[in-house]
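Read the structure below first, then the notes.
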Amino acid sequence: MGVELDDTDLTILRTLQQDCRIGLEQLAQACSLSVPSVQRRLKRLRESGLILREVALLDASKFDYKMTFVVSVELDRETLQQLDLFRKRVRSEPQVQQCYYVTGEADFILVCAAQDMADFEALTHRLFFENSNVRRFRTSVVMDRTKVGLSLPI
């Protein structure tokens with residue numbers, strides 16, 4: 001990791017994982033520190049790369065993207081160049097919410113959002129059918145979003 005973390009740093013990180021909009025005064029109070037001390041620690045945590053981004057988690061049910069799909073993708077060739085090409089294509093596709101390079105039968109697992117089945121079919125054409133290196137893909141339709149988040153248990 002390279003950065004020494006004390007209990008106060010961990011408290012800051014845990015608190016931010018729950019609500020990154022918390023005010024500096026509230027965060028300082030939760031850590032029993034002054035606001036300038038919390039600001040210095042936050043700057044160090046951000047500059048060290050421990051905090052990658054601070055984003056808003058949207059309620060998918062309130063938007064047109066009502067459907068979520070988990071897709072396992074098996075590539076035909078796994079050269080470094082082919083892997084990088086697939087990663088680049090996936091990163092540029094806004095409907096792909098998450099992408100994992102994995103071991104096992106699949107090479108990648110994707111979490112994708114779509115407005116409906118027709119929208120998902122169009123996505124599969126862009127990502128898979130138009131890519132001659134995709135051997136096969138398998139799709140699971142998400143029935144319920146039981147837990148959504150990326151918090152680490154620190």
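Summary table below
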{"item": "Highest to lowest packing among 6-13, 64-71, 135-142, scored as the average C-beta count within 10 Å", "result": "64-71, 6-13, 135-142"}
{"item": "Heavy atoms of residue 99: accessible area, 1.4 Å probe, square angstrom to 10", "result": "50 Å²"}
{"item": "Candidates per trypsin sites (Lys or Arg not before Pro) in segment 1-50, loop by DSSP, up to 11 other Cβ within 10 Å", "result": "21"}
{"item": "Within segment 15-55, GluC sites (Glu not before Pro) in DSSP loop having at most 13 other beta-carbon neighbours inside 10 Å", "result": "54"}
{"item": "Cleavage-rule hits (GluC sites (Glu not before Pro)) in segment 81-146: DSSP loop, at most 13 neighbouring Cβ within 10 angstrom", "result": "105, 130"}
{"item": "Tensor-based shape of segment 7-48 (alpha-carbon gyration tensor, a/c under 1.5 rounded, otherwise prolate or oblate)", "result": "rounded"}
{"item": "Inter-part distance where segment 62-112 and segment 4-21 are each reduced to a Cα centre, Å", "result": "30 Å"}
{"item": "Residue-averaged 222 nm ellipticity for the chain, from DSSP H runs of 4+ at -39500 (n - 2.57), nearest 500", "result": "-10500 deg cm²/dmol"}
{"item": "Label of the coordinate-derived value, Cα extents along the principal axes in Å, listed as (1) 46, 33, 30; (2) 57, 38, 23; (3) 54, 38, 27", "result": "(2)"}
{"item": "Most to least packed among 85-92, 107-114 [average Cβ atoms within 10 Å]", "result": "107-114, 85-92"}
{"item": "Paired Rg and Dmax values of segment 60-142, which use every Cα atom, in angstrom", "result": "12.4, 40"}
{"item": "Among 15, 83, 115 the positive-end extreme of the charge dipole of the chain (Cβ point charges)", "result": "15"}
{"item": "Rounded accessible area of residue 48 (nearest 10 Å², 1.4 Å probe)", "result": "50 Å²"}
{"item": "Local electrostatic count, residue 64, Cβ distance below 11 Å [Lys/Arg +1, Asp/Glu -1]", "result": "0"}
{"item": "Net dipole in debye of the chain [+1 Lys, Arg Cβ; -1 Asp, Glu Cβ; about Cα centre; nearest 20]", "result": "260 debye"}
{"item": "Length added when fully stretched, residue 109-residue 142, from 0.36 nm per residue minus Cα-Cα", "result": "10.5 nm"}
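The values are calculated or read from the model by the stated rules, or taken from the named source; none is laboratory data. Predicted model only: the values in this text are computed from it and were never measured. So basically every Cβ, Gly included, is an ideal-geometry build from the backbone, and we count neighbours across all protein chains shown. Heads up: the accessible areas ignore ligands, DNA and RNA and are worked out on the full protein's heavy atoms, side chains in. Shrake-Rupley method; radii C 1.70, N 1.55, O 1.52, S 1.80 Å.
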